[in-house]
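Note sheet for the following structure.
The values are calculated or read from the model by the stated rules, or taken from the named source; none is laboratory data. Since the structure is predicted, the reported quantities are computational estimates derived from the model, not experimental observations. Cβ placement follows ideal geometry from the backbone for every residue including glycine, while neighbour counts extend to all protein chains displayed.
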Amino acid sequence: MVRARFAPSPTGYLHVGGARTALFNWLFCRKHGGRFILRIEDTDILRNIEGAERKLLDDLTWLGIEPDEGPDQGGPYGPYRQSERRDLYEAAVNKLLEEGKAYYAWDTPDELDVLRKAAQAEKRTFRYPRPATLPTKAEADRARAEGRPVVVRFRVPDEPITVHDEILGDVTFGAGEMEDLVIYKSNGWPTYHFAVVVDDYHMQISHVLRAQEHLMNTPKHVFMQRALGYEPPKFAHLPLVFNIDGTKMSKRDKHKVVRKAAKDLIKAGKWSADDVARIAQATSKAAEAWLDKADTELDMEQVTRLAASAGVVMPEIDVHDFKLSGYLPEALTNFVALIGWSPGGDREMLTRQEMVEYFSFDGINKAAGRFDREKLLAVNTTYCAEAKPERLLAAFRDWAACVDSSMKSLDDATLSRVIELCKGMRTLADVVSKAGPLFAPDDSIVFDPDAVTKILQKKNGQGYAMLEQMLPALESISAWTVSEIDGAIKGLAESAGVSMGDVAQPLRVAIAGRAVSPAIAESVELLGKEKTLNRVRLCLSRR
RNA sequence: GCCCCCAUCGUCUAGAGGCCCAGGACACCGGCUUUUCAAGCCGAGAACCGGGGUUCGAAUCCCCGUGGGGGCACCA
């Protein structure tokens, strides 16, 4: 029975890299009729973020990667949060302690730091110096009573080890290359390394698919599995995903972009450091530290405020970011599946079913891949073009609710019509950026100065002249239909001896405020007679 | 510094010794279409990191070099 798991820690939104790991685990399970387990790795109580687990779960749901077992759905091997399985870790660590396979240690962080620095000065690789005779429990208790931080370290066997990876093949590590790692912290919680080993065993995990950054952890885990008498699962380490420039995709990228924008504005004299603090709603000290490259000084909400105010778009990093940008979950998953995996041949656009069908470790690459946003956009464009109208409508509603777009209040019929008129869209957000003004109040239309000069004022105000002539033509239309409106526009172009563009573009600027909108006759029809005439008059009055 | 992994167009990749003077997709460039934007259509350019082997034959196998990346926490 195949049982694979995705095990995120609740520190924020789901990262796209994590989403790919989750997807591969899910695909692997579906392919082999196995069970996909979600386990929350929350052993670092300080790093856990309130509400993060919910966000993680919601993002997975949005992507269509539903666990078979997990905190929400339960299952026979629960609980599915590590914080609720402490007795298991305790029993395991006691066993190792009793057998002399693990031992107590109580060096302070400062003491360890001194040892590390000394090793570094001698150009030696630091490894924790295992004491010749292992401390007794009584000694550990005494140290604890004295206020020393008592941890438990795993006694790593002094022998080479070869672990087999389903993707990479055999990987060998020499004897003595790993130090005796901490498996129990002084605060009484197990470390990640220990909890994974214990949980994977108790949850009967058969395959561990995880990012390649964990490769070096594998021998440690296998040594522990042997020490505990567990049969190690099979391992498959997935290639990493980087930014297009080869850097790591991290939330730092967001800070970077916003910081640069803020600094540029300061340099241009438009902002001051105080403005940064005020806009972010942070202390001036925090703002200054942040400007000086301390990412941790401002949180994401504060940075988001700065980005909005500075008018910069932050790079999408988390699944939620892509959702907000208007990507379809099926497009995102298809795109992300193709980084580090190939279904073989020329196949590229795949349904989830096809992905399951073609999925295999053979198709997984060893080399790291890069996340090409241009390609994602192209994939999304294709998905938008091929999606059924109902799907697009549902996806748009989902998105509009998420970003709180004013267009979310439109009825289904109108919305479907608008979406249809926006075909060729690259993201759901394009619908709003293209057709949004048609649904805004007449007096909220902002005229794009460029469009005004280029289209209305040019050639001695020919655009305005066309609008003046358009007014009676539109007024006389009794049946407000696309064909009538189209006829009116064509008629005017012909009688005035100008091109269609010379008539349509001024009208477009009048009703939308800029040179872009859906097809003109359709836009006008959608707007309605009254509003159209109102907007044309309004535009002329601002001449 | 030590350990580990990797290496085909700018990017994602196909390719499991002859089917490859290397195929697809995105991007780019040129053109078409056109009442805007986007979309669409047609076309062009673009890669086997270097050096040694093995073999009748190497993008494919081996070695070395170079380059890129990851890991070296009481974080996961």
Practice prompt. Please find, among A:ASP450, A:ASP486, the residue that is surrounded by fewer than 20 Cβ atoms within 10 Å (Cβ to Cβ), out of contact with any helix residue (DSSP H, G or I) (no Cβ under 9 Å at 6 or more places or on another chain) and under 14 Å from A:ARG508 (Cβ atoms).
Written response: A:ASP450
Worksheet item: Of the conditions (1) loosely packed, with under 14 Cβ neighbours inside 10 Å; (2) part of a helix (DSSP H, G or I), A:ALA479 fails just one. Which one is it?
Response: (2)
Worksheet, complete the sentence: Turns out the helices (runs of 4 or more DSSP H) fully within segment A:52-167 with at least 1 residues that are touching a helix residue (DSSP H, G or I) at 6+ places or on another chain (Cβ under 8 Å) and surrounded by 17 or more Cβ atoms within 10 Å (Cβ to Cβ) are A:52-63, A:86-98
Discussion item. Pull out all pairs, ordered by first then second residue, where Cβ-Cβ is under 7 Å, the residues are six or more apart or on different chains, the first lies in segment A:330-351 and is more than 11 Å from A:ILE364 (Cβ to Cβ), and the second is among the basic types (Lys, Arg) and near RNA strand B (Cβ under 6 Å from one of its atoms).
Written reply: A:PHE335/A:LYS375
Discussion item. So A:GLY33 passes all but one of these: (1) surrounded by fewer than 14 Cβ atoms within 10 Å (Cβ to Cβ); (2) at pLDDT 95 or above; (3) in a helix (DSSP H, G or I). Which condition number does it fail?
Written reply: (3)
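Let's see how each residue does on (1) farther than 23 Å from A:ALA429 by Cα; (2) among the polar types (S, T, N, Q); (3) under 44 Å from the mean Cα position of the chain (by Cα):
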position	(1), (2), (3)
A:ALA465	yes, no, no
A:LEU471	yes, no, no
A:GLU475	yes, no, no
A:ILE489	yes, no, no
A:ILE520	no, no, yes
A:SER523	no, yes, yes
A:LYS531	yes, no, yes
Fill in: Counted residues, segment A:358-416 - those being touching a Ser or Thr at 6+ places or on another chain (Cβ under 9 Å), touching a residue at least 40 places away in the same chain (Cβ under 8 Å) and within 15 Å of RNA strand B (Cβ to nearest atom)
6
Item to complete: Give me a count of the residues in segment A:118-172 that are hydroxyl-bearing (Ser, Thr, Tyr) and either in contact (Cβ under 8 Å) with a residue 24 or more places away in the chain or more than 10 Å from RNA strand B (Cβ to nearest atom) (or both).
Response: 3
Discussion item. Step by step: first the residues of segment A:379-413, then only those that are within 20 Å of the chain's Cα centre (by Cα) and exposed (fewer than 14 other Cβ atoms within 10 Å of the Cβ), then the one that is nearest to A:GLU348 (Cα to Cα). Which residue is that?
Written reply: A:ALA401
Discussion item. Let me spell it out: the conditions are (1) away from RNA strand B (no atom under 11 Å from the Cβ); (2) touching a Lys or Arg at 6+ places or on another chain (Cβ under 6 Å); (3) part of a loop (DSSP other than H, G, I, E, B); (4) among the small types (Gly, Ala, Ser), and A:ALA510 meets all of them except one. Which number is the exception?
Written reply: (3)
Worksheet item: Quick check: anything in segment A:176-195 away from RNA strand B (no atom under 11 Å from the Cβ) and either touching a Pro at 6+ places or on another chain (Cβ under 6 Å) or closer than 20 Å to A:LYS101 by Cα (or both)?
Response: no
Worksheet item: Just for helices (runs of 4 or more DSSP H) wholly inside segment A:311-359: which have at least 1 residues that are touching a Pro at 6+ places or on another chain (Cβ under 6 Å)?
Response: A:352-358
Worksheet, complete the sentence: Note on segment A:499-514: residues surrounded by 15 or more Cβ atoms within 10 Å (Cβ to Cβ) and more than 13 Å from A:LEU467 (Cα to Cα) are A:ALA512, A:GLY513, A:ARG514
Discussion item. Among the residues of segment A:184-195, are any touching a Leu at 6+ places or on another chain (Cβ under 7 Å), surrounded by 16 or more Cβ atoms within 10 Å (Cβ to Cβ), basic (Lys, Arg) and modelled with pLDDT of 95 or more?
Written reply: no
